[in-house]
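This report refers to the structure that appears directly beneath it.
Read-outs: derived from the displayed coordinates by stated rules, not from any lab. Everything numeric in this text was worked out from a predicted model, so none of it was measured. Reconstructed Cβ throughout: ideal geometry from the backbone, glycine too, with neighbour counts over all protein chains shown.
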Amino acid sequence: MRPKLSIRDELEQLFEKKFKYQKPVNGTAWTLPTEEEPLFSEFYQYESLQNLKEQLNTVKSKLNNYGVQEWSTHTNRRDPSGEVSWRLKNETKAEFVTVAWCKLFECLHRFPVVTQPKLNSLHLCEAPGAFIASLNHYLHSQHKPDEIKWNWRSTTLNPYYEGNALNEMITDDRFIFHTLDNWLFHKDFTGNLLSLDNIDHMTQCCTQDFPDGVQLITADGSIDCSAQPDCQEEIVARLFFAEIVSALRILSQGGNFVIKMFTLFEACSVSVLYMLNCIFQRVHIYKPATSKRGNSEVYVICLNYQRQTAGLSRLLEALREKLAQPNDAMIMPLFSKAQIPKDFLLQHEIGCRLYLKLQVDAIEGSIYAYESKDRQYLRHLHQLRGVVSAMYYNRYKVRPLAPELCIVKQQNMSESLGFTVPIYGGSYTEREVLRQGDLLKQIYCLRREFNQLEKCPTAKRIYSHVKTLGQQLQLQPNRGAPVQQLQSSLFASEPVLLLRLRICDTFDLDPLWQTAAKCRFYDIEGCLINTLNYAPLCVDDDSVIMFQQVQRRFFVKLLESLLALRPHKVVFDNCLILSHFAASLLLFLAEFCYQAMEMDNVITLNGILQAQEQLEQLQQLLLEDEQQEKEQHPLVLHSVLHLRQLQKNPFSNALILHNNSVLVACYRRMLGEDSFPRRMDVEQDLEMKETDTLSVN
């Protein structure tokens, strides 16, 4: 029987998960190493902390046989704070509420992170933007609107850059799209904070945009560690260093810094926390009540930055050099073992033990609730949810925000994110078995995932393009780093693109090039006059041809054909228009060069116009881009029109449905019966093994 805490005790535990480092009053102060003492010179671990890590991993390993979706649903239902976000969304109508919104709102109320209405803030790894909406709500709940002088900038992996991996970023751009001018995606347009050039660019932008400095920086970054759940600290170490280097270079004297971290058992994490204690007046570790009890995340609240701390500039330079090295170099501790004071280490271990116990109790409690189906305990949890939300509202004096004070209009934030499907995830154990299993079993799992895509919205109606009225489109070239491989797109539904990535992992064939795409040209009589194939370049095995080069070559040849043949009709058959580069060129042709465009399973341009000048201008732009790449220029064309003209409109919605149709049809051919005739044998074999596994359990 699981021991039960009273409602009062559980509330105290939920809302008071905080720890403060106590700096020595008498004796040796906590200081950064002197110029003579080396940095990144010794690898070591603390045995006591590694024992704590082992204890936690032992408990977490009990979850290996639970299905991801099933377990997530269970823990969401049992989350004591689950009602808070529901009330904020539905009763208070707060702007863009997510769990991240709720967590930052707690941090702002519990610590003096923001002390005045005049504020410049920078938000790192911020997508989809909930921290910004939460800060806005907090400022207006504390000050009158005319008192608030707030400016903000933010950065994140850019959802509009197709070279960013779909499973490494948040693609929800509802907030980002309507606040584009505040987002820094850097010169290479990737938004990747792990690049030193991007950190330098962000520092320059903040210096220019905020002459009176930045008083608050938040960092909410993370990396998917589901494949290696026991190595979370090591995997995210590089990102944490990048966030910290960025913050310490940009933050003003006396400013505050809030960074999300996870378990703090590794020596590299000990060094980071000691460094922060040396350069900030006060450092707290806090786990908000709205943070999932069973996960490892905590927020490190750093108050009153001492920018002139002796040795800081040397330390920042050392961190920059380390970021330029391979990823595994980041697990090396910043300081040697002798440079970490024993009194700090003792406090750090106490803090680690506190959060370890809280997490272990939460996991064990969730397992108990899942296995026992104890109705009395479930009623207790249901009652607790109501009390927690009431305390959240009372303690933080939550009240509605007038619609005109929101950053983005409510109707824009209510836009649909598209469809989701229950893609088979299985348990960690099942995924590992399948990953190491034979090809035919992996194919069976791909088919099982494909079956879920029957819910996928595809092009069932013809979209007829309506030309822009009153606002003439203009060429507005936007440049970024070359897209080596197309890894994401906002012009297709996310579940459809995720299956493509899984197919690529299983086969040597990318569905992108298996659609038999071609472009056909017809004269005014309807006679076929030319055909242009859209296929990867034929090169030697040692050569690397980028996606960027393939699509540019296709459109260069397309423009050559349009200028030479002047076709009355152009039909794009099975062509995937997944990049902003391709979408912007298609839209430009529809607006300036043809009378009409229709889109369903094919895209048709009809009635060529006298647009010689526009076609030549477009051709020249692509040829110049090709020449710049030959000269090894770091940036290439990302699109020829502004982002605002390519998203959140009927054109982009129709393009999503078109691309869904083409990709789903391609998957059907690749995973169909004709391709793998042994399907039934594989299904029966796998189902028998699943039955055996269930019997043993």
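Using Cβ counts within 10 Å as a stand-in for footprinting exposure, how do H178, H382, H137 rank, fewest first? Walk me through the numbers on the way to the answer.
Numbers: H178 18, H382 13, H137 27.
Listed from fewest to most nearby Cβ atoms, that is H382, H178, H137.
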(request) For helix 580-592, report the angle its Cα long axis makes with the longest principal axis of the Cα atoms of the chain; keep it between 0 and 90° and round to the nearest 10°. (result) 40 degrees
(message) Please compute the length gained on full extension between A516 and D212, using 0.36 nm multiplied by the number of residues separating them and subtracting their Cα-Cα distance.
(response) 103.8 nm
(request) In nm, give the distance between the simple-model label positions of K397 and R479, each being 7 Å from the Cα along the Cα-to-Cβ direction. (result) 5.1 nm
(request) May I ask for the angle, rounded to the nearest 10°, between helix 650-670 and the longest principal axis of the chain, with both axes built from Cα atoms and the value confined to 0 to 90°? (result) 90 degrees
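Counting other C-beta atoms within 10 Å, and keeping those with at most 16, which DSSP coil GluC sites (Glu not before Pro) do you find in the stretch 5-37? Walk me through the numbers before you get to the answer.
On the way: sites: E10, E12, E16, E35, E36; in loops: E16, E35, E36.
Passing both the DSSP loop test and the Cβ count: E16, E35, E36.
At a Förster distance of 35 Å, what's the computed FRET efficiency of D181 paired with N76, Cβ-Cβ distance as r, to 0.05? Please report the intermediate quantities before stating the final value.
On the way: r = 35 Å, r/R0 = 1.01.
Plugging the Cβ-Cβ distance into 1/(1 + (r/R0)^6) gives 0.50.
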(request) Provide T75, T115 in ascending order of the number of other Cβ atoms located within 10 Å of each residue's Cβ, fewest first. (result) T115, T75
(request) Any chance you could run the full-extension gain for Q617 through K62? It's 0.36 nm times the residue separation minus the Cα-Cα distance, nm to one decimal. (result) 193.6 nm
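Listing L122, L501, L641 from the residue with the fewest other Cβ atoms within 10 Å to the one with the most, what is the order? Don't skip to the end; give the middle numbers.
On the way: L122 28, L501 16, L641 20.
Exposure proxy ranking, most exposed first: L501, L641, L122.
Considering only DSSP beta bridges with both partners in the chain, what is the antiparallel share in %, to the nearest 5?
Working: 39 of 55 bridges.
Restricted to the chain, the bridges split so that about 70 percent are antiparallel.
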(message) Just to confirm the number: angle between the C-alpha axis of helix 130-142 and the first principal axis of the chain, 0 to 90 degrees, nearest 10?
(response) 50 degrees
